[in-house]
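Comments concern the structure below.
The values are calculated or read from the model by the stated rules, or taken from the named source; none is laboratory data. Quick caveat: nothing in here was measured; it's all calculated off a predicted structure. Cβ atoms come from the backbone with ideal geometry, glycine included; neighbour counts cover every protein chain shown. What goes into the accessible areas is simple: the full protein's heavy atoms, side chains included, and nothing from ligands, DNA or RNA. Shrake-Rupley method; radii C 1.70, N 1.55, O 1.52, S 1.80 Å.
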Amino acid sequence: MARRSGWPVLMGVGLAATLLGGCERPAFLQDRQESATDRPQDRRPVETPLWPEPDPRTAPSPVETPGAAGEEPAQLSSLGDVNVIQAADRVTPSVVSIQPASGRGLGSGVIVTRNGYILTNSHVVQGSSRVRVTLATGREVTGQVLGADPAVDIAVVKVDGNDLPAAPLGNSDELHVGQTAIAIGNPLGFERTVTSGIVSATNRNLEGQGAVLDNMIQTDASINPGNSGGPLVDARGRVIGINTAVVSGPYGGTGLGFAVPINTARDTLNDILEHGRVIRPWLGLTYVLVTPELAREYELPAERGAIVANVVRGGPADRAGIRPEDILLQVNGVEVSDAGDLRNALRDHAPGDEIRIVAQRGNDRRTFTVQLGEAPSAR
């Protein structure tokens, strides 16, 4: 493959590692005292989740997506209107504060089942097996950390209860830029603070404090330290994300907020409910996204895709014949154009599944059949 000298040395860990540049390093919303890579011992939940009862206010409706010309979707409502008020009223009772056993730092969480399963950030629980949870009623209870996935910064906490207020989950794959976004949490110790804004962008990528996060939701709803783990909600009162990080520029400003999409968080929750631990499919390679600028600079044979930086010896990609400097173009027919594409292409697959990858090697286009492995960090 023709290329200029000085091709950068690329390092990373697993599928989630990418080379990210041109953005500020984010401040994760909870000041962490220890690494989030430590995970509690695997535990199998003993209760079947009791999901919230269906509510007409959260049922899918045709007006949530852009309609005919001149018809404004109800989901794109103006800030401060009745939809925001109703959504906040619905979800606020489900928001809790979470303090790790160390007593250092304070984050948020959201109850998603009536019998006490809570979603929060991995960095909020700080590797603890137990945390102190304060419910919206002011009652303090002990929460058991059932598992966490630092790669996506999501953790699951369980508290005792049979009829707790549970927030319904939305579908983050159907978000529209410009729709209402409501952040609820405990910023700076002010419990159950509600701020509103819009979804500013989707599929954003950022890295910091040992985590590389892709496919994030960007919002201008004001979030601050303490919001970590709290819900980002749509105008119908459905959780669309878990607030995780804020990025501020070098010259001040209010900063931009980022949330893990609820579909990603739901995958972590489902793994822990079903298997007692997080299970992620694994390709066994690291990569860098190809842009037209990068392709011109290094005379690459493709302007889009993901160029393989390193292949784990004996891993799934290695066994399939994928090599460094191959450019991944498609995964099971899905074009690879940004960091979220690979994760989304694998999201519905499990270790042991076979996928087809189309790659460019020099002037040749090749198709590989890869049997996915299990990500080492999930074992």
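Things to note:
- Karplus-derived 3J(HN,Hα) values for region 112-123, using 6.51 cos²θ - 1.76 cosθ + 1.60 with θ = phi - 60°, are 10, 9, 5, 9, x, 7, 10, 9, 8, 8, 4, 6 Hz; glycine and proline are entered as x.
- Size of electric dipole in region 136-294: Cβ of Lys, Arg +1 and of Asp, Glu -1, about Cα centre, debye, nearest 20: 200
- For HIS349, distant residues with modelled amide H under 5 Å away: none
- Model label points for VAL177 and ARG323, set 7 angstrom from Cα along the Cα-to-Cβ axis, are 3.9 nm apart.
- SER337/GLN86 FRET efficiency (R0 35 Å; Cβ-Cβ; nearest 0.05): 0.40
- Note on SER248 and LEU50: their simple-model spin labels are 4.3 nm apart, each label 7 Å out from Cα toward Cβ.
- Computed E for ARG356/ALA201 - FRET, C-beta separation, R0 22 angstrom, nearest 0.05: 0.15
- Approximate spin-label separation ASN270-THR367, in nm, with each point projected 7 Å along Cα-to-Cβ: 2.7
- VAL131 - accessible surface, heavy atoms, 1.4 Å probe, Å² rounded to 10: 10
- Averaged over residues, the count of other Cβ atoms within 10 Å places the peptides 164-174, 219-229 in the sequence 219-229, 164-174, highest first.
- Once the chain from LEU188 to SER129 is taken as fully extended at 0.36 nm per residue, the excess over their C-alpha distance is 18.8 nm.
- Heavy-atom accessible surface of region 165-305: percent carbon and sulfur, 1.4 Å: 47
- A probe of 1.4 angstrom, applied to the heavy atoms of all protein chains, finds ASP214 with accessible area near 20 square angstrom.
- Positive-pole candidate from LEU213, THR193, THR142, dipole of region 109-218, charges at beta carbon: THR142
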